[in-house]
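Heads up, the thing below is written out as structure tokens.
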2 protein chains.
Amino acid sequence: MSEPLRLGIAGLGTVGIGVVKIVRQHAALLAARTGREIVISAISARDKSKDRGVSLSGYSWENDPVSLATRADVDVFVELIGGDEGPAKNAVEAALAAGKEVVTANKALLAIHGQALAETAEAHDRALRYEAAVAGGIPVIKSLTEGLAGNDITRVMGVMNGSCNYILTRMETAGLSYQEVFAEADGLGYLEADPQLDVGGIDAAHKLAILASLAFGTRVDFDGITLEGIDRVSIEDIRAAADMGYKIKLLGVAQKTGRGLEQRMQPCLVPDSSPLGQLEGGTNMVVLEGDAVGQIVLRGPGAGEGPTASAVMADVCDIAKGMRTPVFGIPSAQLTGSTPARTQLPAPYYLRMSLDDKPGALAKVAKVLGEAGVSIDRMRQYGHEDTSAPVLIVTHKTTRDALDTALAAMDGTDVLSGAPVALRIEAV
Amino acid sequence: MSEPLRLGIAGLGTVGIGVVKIVRQHAALLAARTGREIVISAISARDKSKDRGVSLSGYSWENDPVSLATRADVDVFVELIGGDEGPAKNAVEAALAAGKEVVTANKALLAIHGQALAETAEAHDRALRYEAAVAGGIPVIKSLTEGLAGNDITRVMGVMNGSCNYILTRMETAGLSYQEVFAEADGLGYLEADPQLDVGGIDAAHKLAILASLAFGTRVDFDGITLEGIDRVSIEDIRAAADMGYKIKLLGVAQKTGRGLEQRMQPCLVPDSSPLGQLEGGTNMVVLEGDAVGQIVLRGPGAGEGPTASAVMADVCDIAKGMRTPVFGIPSAQLTGSTPARTQLPAPYYLRMSLDDKPGALAKVAKVLGEAGVSIDRMRQYGHEDTSAPVLIVTHKTTRDALDTALAAMDGTDVLSGAPVALRIEAV
């Protein structure tokens, strides 16, 4: 058996402690699977005195993660601090510069600084791995880059923020408003300290940017993502979508188009009988599509001590076995810049509007849609007691430009109360 | 860039041709991902003259797969012949003995001769990989052995024969009998030349045996599987199960128990709202459970040219990158013999019976169940026009032994027409 693989772990929150537990409890299993003993040399966190429920006295302590990252007795620096600047970034850079392998769960770091870090890692011929950064315990990066290595990837998409999916599911099942469920989730500690990272879609978009780079061989481009959070999703839309056979999900989609790379994170409708439509609560799901394999769907826990630590350990075990793969699937010098697609690929859209209850109102709406080239697939008008009628429309496939033209023209018809809601329907 | 990796492909059916197409069409992509050019040196099949829709004139031809396997210009022998004896086995053995790496899609070969082949591969320090052997295009072996490497695996299960799932789904949606749908599927070419491999559960059991070995570090033990096919599943049971909120699936389950390794492939009920319950048609699904990660669900195409070739190419790319992993996840010498569990872990059961329409009949059935220690969770008796009433019972969790005692005692009550149907309800 080879020399032991020595870890230095920075960040001892739930995930860090989860990693410590696995290394201890499964020492024999890990050695059998990797051919090497995996040990922890040193650890680092902000507060040394905090009781973390496991004894850490056998490990050297460093107050400074950079010092930990560059210790002579550390082969793999495990970064579980988080954040795209500051100590996490400094320590990862220091570790790579010192010739260490790096494993991180830090999606923001990779999404923002991935290209530069990949270049550094490859210049030093060291691994920089981050399975835990995307969809928690689901081995999605491994499946995409290794399991589907024979495929030209055509689309990746997924529900990758459990808190948002929890909120949307809870709104539907309890019939509560977004504001009510948001307050509830925040009170239960389900949301990040800055909840906008969750409900604004930023956290999920970090993950999408990483997946897009891996899928399409493009430089990671977080800024190229069309981003919309869930804060404007109403219980009315959830109910109306259900009535038309759909669920509303915060869905990330990346695909190559003839006019550039399309990356979007936005509330979308998906058929309620599809795997994505059936995904409830805090679970994550990623869909990978390739020209040879067709469609693969991966489902599992997207967060939490055990699942995230499981993903960290997958990377550690690969490093122990000597597996070496370019940071973004192909050498960083070969990653291409991507032009963000100016417009989204055509899709059907869901429209909800309040139509004044007077003769010819619906005709006016239908007319502006027709004039913009948007044709109607299905339409429902509901009974009502006040002076405006709820109307739902599912369009045939159309461009967002044509739809925006129609929406602007509707504004001039004078038969609507308020602005219509328009949501994309994603083919899954 | 390193030297090209040279393949020799034996077997040019749909999968073999699928591999040829990927190697050709994605040459640049494969080189970028693996750091090596991947080329085909030589090929072999039974009929050289057959038109396979692609030009094969650039490759050397061998009539004998053993000759192909041992050619000096072949680094990786790709075995796509099939069958657990004869040319496939001979050629794989010859390849390993000649120091070649081997990639195969042959589940029967691995399930029956896996241990011996693993020993041979490891003695020669060569890879023997078979991602395509289990669940087609789904990267399940990679997810299990590498993605969940930090976990003690607690259970693996899945629907791994698309033809059986197609038949069961079609019975339900069309309201047809097993015999009718079997004939239909056979006519459409959906079944193996020996249909018993599909409907008898043998093909799926080969896959289960492989997964169990990978999951639990045990020697592959196909004979230890409790095996029951779908030929006795009736449309009445499919309808009755649906009425109680379940679907019937040919489900493979492997788990460690205190009394040995439990491996079974049998028709089971699963909740219709679960991912397994929602799986329709020919798609495959594998569920992996580990102590850290919880539950991961993988869904995708289990067969076909593109998906199977995709899995073969995943193995080829790993070999090109120099990844080396023991054949069954840990060195073959460390794989342990497993005692097949004599009895299955307790579970709730579904019972369907025809009860004579006379006073006290139901009481007699309830009494024998109670005496055997089997308690009733839910019961439904249906309206009827003849002299016997359809009765469905869902029991609380019970042992198969207790249930068998109750079923035997029911036989003596004289209030049933025919034997009751008993199916396990799997917690998923």
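Any read-out appearing in this document is the output of simple, stated calculations on the displayed coordinates, not a laboratory observation. Quantities reported herein were computed from a predicted structural model and do not represent experimental measurements. Cβ placement follows ideal geometry from the backbone for every residue including glycine, while neighbour counts extend to all protein chains displayed.
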Skipping prolines and chain starts, which residues have an amide H placed within reach, meaning under 5 Å, of the one on A:E192, given they are 5 or more residues away or on another chain? A:D198
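Please compute the average number of Cβ atoms from other chains found within 10 Å of each residue's Cβ in peptide A:136-145.
Details: counts 2, 10, 6, 12, 2, 1, 5, 9, 1, 3.
So the per-residue partner count for this stretch is 5.
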Under 8 Å for C-alpha pairs, at least 6 residues apart: give me the relative contact order for chain A, rounded to a whole percent. 16
Helix B:162-174 vs. chain B, principal-axis angle (Cα, 0 to 90°, nearest 10): 40
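Which of B:R52, A:R264 has the fewest other C-beta atoms within 10 Å, and how do the rest follow up to the most? Can you show the working numbers first?
Numbers: B:R52 15, A:R264 25.
Listed from fewest to most nearby Cβ atoms, that is B:R52, A:R264.
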Any idea what angle helix B:361-371 forms with the longest principal axis of chain B, computed on alpha-carbon atoms, 0 to 90 degrees, nearest 10? 60
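For the protein assembly as shown, what is the charge dipole size about the Cα centre, in debye to the nearest 20, if Lys and Arg each add +1 at the Cβ and Asp and Glu each add -1 at the Cβ? Walk me through the intermediate numbers first.
On the way: 80 positive and 106 negative charges, 184 e Å.
Charge dipole of the protein assembly as shown: 880 debye, to the nearest 20.
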How compact and how long is segment A:349-425, expressed as Rg and Dmax of its alpha-carbon atoms in Å? 11.4, 35
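Using R₀ = 51 Å, calculate the FRET efficiency as 1/(1 + (r/R₀)^6) where r is the Cβ-Cβ separation of A:M379 and B:R24; round to 0.05. Show your work: numbers first, answer last.
On the way: r = 49 Å, r/R0 = 0.95.
Calculated value: 0.55.
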Placing the label point 7 Å from Cα along the Cα-to-Cβ direction, what are the distances from A:E119 to the equivalent spots in the other copies, shortest first, in nm to one decimal? 5.4
per DSSP, antiparallel bridges as share of beta bridges in chain A, % nearest 5, sits at 65
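At 20 °C and 1.002 mPa s, grab the translational diffusion coefficient of segment B:28-79 from Stokes-Einstein with a Kirkwood Rh over Cα pairs, rounded to a whole number in µm² per second.
Details: Rh = 12.5 Å.
Answer, rounded: 172 µm²/s.
Would you calculate, for the protein assembly as shown, the mean residue ellipticity at 222 nm contributed by helices, counting each DSSP H stretch of 4 or more residues as -39,500 (n - 2.57) and dividing by all residues, to the nearest 500? List each step's numbers first, then the result.
Values: 26 runs with 286 residues, N = 856.
For the protein assembly as shown, the value works out to -10000 deg cm²/dmol.
How much of the DSSP bridge set in the protein assembly as shown is antiparallel, in percent, rounded to the nearest 5? Spell out each step's value before the answer.
Numbers: 101 of 150 bridges.
Just about 65 percent of them are antiparallel.
Averaged over peptide B:327-338, how many Cβ atoms belonging to another chain are found within 10 Å of each residue's Cβ?
Details: counts 0, 0, 2, 6, 3, 0, 0, 4, 1, 0, 0, 0.
That average works out to 1.
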Relative to the longest principal axis of chain B, what angle (0 to 90°, nearest 10) does the C-alpha long axis of helix B:87-97 take? 50
Given the pairs A:K321/B:K107; B:K21/B:K89; A:K89/A:K321; B:K142/B:K207; A:K142/B:K142; B:K21/B:K100, which are separated by over 19 angstrom at their Cα positions? A:K321/B:K107; B:K21/B:K89; A:K89/A:K321; B:K21/B:K100
Just to be sure I understand: with springs between alpha-carbon atoms less than 10 Å apart, which residue in B:D414, B:D221, B:D386 has the highest mean-square fluctuation in the Gaussian network model of chain B? B:D386
Square roots of 5 times each gyration tensor eigenvalue, C-alpha, segment A:140-301, largest first, Å: 27, 17, 14
Can you pull the mean other chain C-beta count within 10 Å for peptide A:275-285? 2
Under a cut-off of 23 Å between alpha-carbon atoms, report the lysines in cross-link reach of B:K358, not counting same-chain residues fewer than 8 places apart. B:K367
Distances in nm, one decimal, shortest first, from B:E385 to the same residue in every other copy, taking the label point 7 angstrom along Cα→Cβ. 4.6
Take each of the peptides B:227-238, A:290-301, B:125-136, average the number of other beta-carbon atoms within 10 Å over its residues, and list them starting from the highest. B:125-136, A:290-301, B:227-238
Over its Cα atoms, what ratio of radius of gyration to 2.2 N^0.38 Å does chain B give? 1.09
Cα principal axis extents for the protein assembly as shown, largest first, Å: 76, 73, 69
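State the percent of C-alpha pairs, over all pairs in segment B:256-344, separated by a distance greater than 17 angstrom.
Details: 2820 of 3916 pairs.
When every Cα pair of segment B:256-344 is considered, 72 percent fall beyond 17 Å.
Place the peptides A:99-110, B:105-116, B:183-194, A:193-204 in order of packing, highest mean first, counting for every residue the other Cβ atoms within 10 Å and averaging per peptide. Display every interim value, and only then the final one.
Details: A:99-110: 24.7, B:105-116: 22.8, B:183-194: 13.1, A:193-204: 19.8.
Top of the packing list down: A:99-110, B:105-116, A:193-204, B:183-194.
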